[in-house]
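The values are calculated or read from the model by the stated rules, or taken from the named source; none is laboratory data. Worth saying up front: this structure is predicted, and the values here are computed from it rather than measured. As a convention, Cβ positions derive from the backbone with ideal geometry for all residues, glycine included, and neighbour counts pool all protein chains shown. Just so you know, the surface numbers come from the protein's heavy atoms only, side chains and all, with ligands and any DNA or RNA stripped out. Shrake-Rupley method; radii C 1.70, N 1.55, O 1.52, S 1.80 Å.
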Amino acid sequence: MTSTFRHITVLLEEAVAALSPRADGCYVDGTFGRGGHSRLILERIGPGGRLLGFDKDPLAIATGNTLAAEDGRFVVVQRSFAELADELAVRGLAGQVSGILLDLGVSSPQLDDAERGFSFLNDGPLDMRMDPSRGVSAAQFIATADEDEIARVFKEYGEERFAKRMARAVVARRQEQPFERTADLAQVLTVANPAWEKGKNPATRAFQGLRIHVNNELGDLERGLDAALENLEVGGRLVVISFHSLEDRIVKQFMRKHAKGEMDKLPRDLPIIPKAFEPRLKLIGKPQFASEAELKANPRSRSAVMRVAEKLR
């Protein structure tokens with residue numbers, strides 16, 4: 001099982017450089033995708049280095065298995081990066097990782113393949129699951145959730161200001177006929193949206209909210225960040241590329257929290273600071289964005305934000 005859809009890896013050189021790969025280091029690519037970052041990491045580490053890839057998508061896993069057959073330093077597993085602590089423990093690598101890379105969100109092949117149901121631009125089954133063998137599809141959620149829950153997903157995860165109005169339209173229409181196709185849902189959402197944004201499809205935010213909910217993307221991110229911090233070795237790097245404000249806010253707050261530590265909870269005149277209150281991360285540089293050349297070559301990189309931190313303890 002392979003995919004013919006093309007994927008351009010965003011911030012490829014920048015992300016791998018930020019990992020600062022060591023010849024004998026152990027690294028994790030938490031979002032393997034089509035392997036752009038993984039292949040460059042393998043080029044930068046030595047014969048004694050190791051790389052473990054994670055992905056929920058079966059097509060990504062098929063690509064990863066091909067790479068694993070070519071390079072014995074690489075292994076790929078079909079799991080969410082939120083479960084990396086369990087996987088590392090099984091492999092005897094807990095707390096021994098030199099760098100972890102997370103390239104968040106949906107990949108170009110997932111968006112471009114109409115059969116995956118991620119996009120309203122190409123009509124397809126209303127699915128949206130990164131792993132189609134698990135969980136509840138977007139169609140199932142839309143068919144069974146009440147109006148308030150649908151509105152919550154549109155507003156909280158899609159940041160859609162007309163969430164209630166759009167959810168009401170969805171519930172009214174499903175009573176006549178269930179939603180099974182992306183174009184059908186997009187049409188109803190478009191009609192229900194009273195204020196179209198220039199250059200943005202009126203269904204964009206609602207579709208984003210559905211996708212995030214169906215795949216538990218923000219919950220996975222929070223769990224994955226915690227697991228990354230616990231499993232990095234001292235001096236190890238955490239590199240995260242986000243593509244929308246909800247993801248980036250979680251990453252920024254997580255890194256800042258652990259870079260600040262809990263010293264503000266202690267008396268100012270305390271002569272010795274307990275180690276448990278000291279910072280656990282050091283922020284590395286400023287947030288990075290795609291260059292003008294990359295934006296020109298790949299417009300989908302326009303919303304990418306990369307943040308980097310290094311483990312102190």
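Tabulated data for the structure shown
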item: Criterion: in the same structural domain as PRO202 (by the TED database) and either in contact with a helix residue (DSSP H, G or I) (Cβ under 9 Å, 6 or more places away or on another chain) or outside any helix (DSSP H, G or I) (or both) - qualifying residue of LEU121, LEU67, LEU84; result: LEU121
item: Residue within segment 67-86 that is touching a residue at least 12 places away in the same chain (Cβ under 8 Å) and at positive phi present; result: no
item: Filter result (modelled with pLDDT of 95 or more, within 21 Å of the chain's Cα centre (by Cα) and open to solvent by 70 Å² or more (accessible area, probe 1.4 Å)) within segment 1-28; result: GLU13
item: Counted residues, segment 274-313 - those being charged (D, E, K, R), without any contact (Cβ under 8 Å) to a residue 60 or more places away in the chain and buried (at least 16 other Cβ atoms within 10 Å of the Cβ); result: 1
item: Some residue of segment 78-86 being of a type in the set (Lys, Arg) and closer than 18 Å to ALA304 by Cβ; result: no
item: Meets criteria (within 29 Å of ASP29 (Cα to Cα) and in contact with a Pro (Cβ under 9 Å, 6 or more places away or on another chain)) for GLY105; result: no
item: One residue from GLY224, GLY209 being outside the structural domain of PHE120 (by the TED database) and buried (at least 22 other Cβ atoms within 10 Å of the Cβ); result: GLY224
item: Leading residue by the ranking (nearest to the chain's Cα centre (by Cα)) among those in segment 144-171 that are over 22 Å from SER245 (Cα atoms) and outside any helix (DSSP H, G or I); result: ALA145
item: Filter result for the condition that a residue is in contact with a helix residue (DSSP H, G or I) (Cβ under 8 Å, 6 or more places away or on another chain) and of a type in the set (A, V, I, L, M, F, W, C), over LEU210, LEU232; result: LEU210
item: Hits in segment 87-117 - residues which are part of a loop (DSSP other than H, G, I, E, B) and on the phi < 0 side of the Ramachandran plot; result: ARG91, LEU93, ALA94, GLN96, LEU104, VAL106, SER107, ASP113
item: Subset of segment 43-58 (residues that are surrounded by fewer than 20 Cβ atoms within 10 Å (Cβ to Cβ) and within 26 Å of ASP113 (Cβ to Cβ)); result: PRO58
item: Hits in segment 88-105 (condition: within 20 Å of the chain's Cα centre (by Cα) and free of Cβ contacts under 8 Å to residues at least 24 places away in the same chain); result: none
